[in-house]
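In what follows, a single structure is set out as structure tokens and then discussed.
The values are calculated or read from the model by the stated rules, or taken from the named source; none is laboratory data. Everything quoted here is computed from the prediction, not taken from an experiment. Every residue, glycine as well, gets a Cβ built from its backbone with ideal geometry; the counts of neighbours run over all protein chains shown. SASA here: full protein model, heavy atoms, side chains in, ligands and nucleic acids out. Shrake-Rupley method; radii C 1.70, N 1.55, O 1.52, S 1.80 Å.
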Amino acid sequence: MLNIVIFGPPGSGKGTQSENLIKKYKLEHISTGDLLRHEIQTNTQLGVLAKQHMDKGELVPDEVIIGMIDRFIDKNVEKVKGVIFDGFPRTVAQAKALKDLLNDYKTDVSVMLNLEVPDDELLVRLIERGKTSGRSDDNEETIKKRIEVYNSQTRPVIDFYQKDGKLANIKGVGAIDAIFADICAAVDAVK
Ligand code: B4P
């Protein structure tokens, strides 16, 4: 299987580049952010809990997210040629859980694409997105908190994948097509 983790700070382009990856490689896609927003829109118990965290710029608790991924893997992994994990893992505990869950199906992450974008650029992009996205977490105060949370809780995931020999650093600033070309080179190297 070709299993891709697309990783980076909030606003680094994970969602944007995932759309390109889906078209090119025909892989199954899971975005934990999109799933959580769907739960919020449909007002489920999980959605109510998730909203309390997301509106403050915090991560949703690991056990909730890992449960979602567990169900997704059980339902999909044997039917598809690979998966794009978008916005997951966001903590080292999530990264370890993903390795174990995939191991049950005798597979693993093929590559982790780490989109590198400076904080000031992230802020500009997300404030811009906030004008049209309708997302309650795309306001300056929450964005700053999300970047802080990324630096303290999510950044250590990079070391996890480096030690596992799966890390590919991608410069995430510049034209979307040029960034995608670098992404494809990294994916094709492990295919
Ligand atoms: P996500 O939905 O994953 O959102 P994101 O990190 O904010 O955005 P992304 O990086 O996908 O940015 P995009 O492509 O849209 O998470 C939302 C929240 O859900 C989290 O804060 C957390 O609370 C919760 N959550 C999700 N997963 C979780 C997990 N695993 N564990 C715990 N909690 C979790 O790009 C942003 C903007 O930049 C767009 O407007 C785009 O047009 C623009 N852009 C993209 N590339 C560009 C480029 N090269 N140049 C200029 N602009 C560009």
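Within the range 10-27, track down each residue that is near the ligand (Cβ under 10 Å from one of its atoms) and part of a helix (DSSP H, G or I). First the steps, then the outcome.
Of all residues in the range 10-27, those near the ligand (Cβ under 10 Å from one of its atoms) come to 10-19.
Scanning the range 10-27 gives Lys14, Gly15, Thr16, Gln17, Ser18, Glu19.
What number of residues in the range 28-54 are assigned to a helix (DSSP H, G or I) and either among the small types (Gly, Ala, Ser) or open to solvent by 20 Å² or more (accessible area, probe 1.4 Å) (or both)? Even if it seems obvious, please write down each step before you answer.
So in the range 28-54, the residues assigned to a helix (DSSP H, G or I) come out as 32-41, 45-54.
Pick out the ones that are also either among the small types (Gly, Ala, Ser) or open to solvent by 20 Å² or more (accessible area, probe 1.4 Å) (or both) and you get 33-35, 37-41, 45-54.
Result for the range 28-54: 18.
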Report task. Filter the range 137-177 down to the residues that are within 11 Å of the ligand (Cβ to nearest atom), more than 17 Å from the chain's Cα centre (by Cα) and of a type outside the set (A, V, I, L, M), then identify the one that is surrounded by the fewest Cβ atoms within 10 Å (Cβ to Cβ). Result -> Asp177
**Report entry** Selected residue [away from the ligand (no atom under 12 Å from the Cβ) and within 25 Å of Asn114 (Cα to Cα)] from Val77, Val64, Val60
**Finding:** Val77
